[in-house]
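Heads up: the structure comes next, in structure tokens.
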Amino acid sequence: SIPSSLYEKINDFNGRWVRVQSNTDIGYVFDCFVSKIPVFSFSDDCKSWLNYECFRRYAKKFGVLDSCVYNNCIESESFHTMEIFNLSGGHQLIFHTGWEGYAIEIQFSNIREIEGIMFSYNILSTLGVVNSKIMEAWKSSELINVIDFKLDDETCIFYFIRCKNKTIIKISGGV
């Protein structure tokens, strides 16, 4: 039996061991690596982080409640377009496109910080861009962390923002 109040550090992440039970087994898992957020994965038909269809499929795992498009344009010239998907649980998926760049933003509501960190880690490690700067940003107590990285010869910017009950993860490119 492992005391549930005992905190440990594994792979630089703090957590505690919690008892879990299935129909046939009883065991312990490190709660840092358990999440109510579905795992994100790139399928064979969408290997690029910029493939919006990958993220649309991911949003369906939560349940899409509704969506809208915001566009500020002048004389039919768009400066910034946002496609906003409201998801179950108060989460949002937002696609940004504009003259000088594009971004994919996911806003999670009421999740543990480690869930946002592990979600980010999952996406970025799949893309092969997890590095020491990104790991330091996650460990930081700063409310906003901004890190640039190269992906397919393009400079991208990764944002990890902590804001009250929101965790905002945004990757932008084309800047």
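Can you give me the % of accessible surface on the range 21-123 that is carbon or sulfur? Probe 1.4 Å, all protein chains present, nothing else counted.
Values: 3000 of 5730 Å².
Result for the range 21-123: 52 percent of the exposed heavy-atom area is carbon or sulfur.
Quick check: net charge around Glu115, other residues with Cβ under 13 Å of its Cβ, Lys/Arg +1 and Asp/Glu -1? Let's see the in-between values first.
On the way: positive: Lys36, Arg112, Arg162, Lys166; negative: Asp31, Glu113.
Summing Lys and Arg as +1 and Asp and Glu as -1 gives +2.
The values are calculated or read from the model by the stated rules, or taken from the named source; none is laboratory data. In this text, all values refer to a predicted model and were calculated from it rather than measured experimentally. Using ideal geometry, Cβ is built from the backbone for each residue, glycine included, and neighbour counts are taken over all protein chains shown. Surface areas here come from the heavy atoms of the whole protein model, side chains and all, with no ligands, DNA or RNA. Shrake-Rupley method; radii C 1.70, N 1.55, O 1.52, S 1.80 Å.
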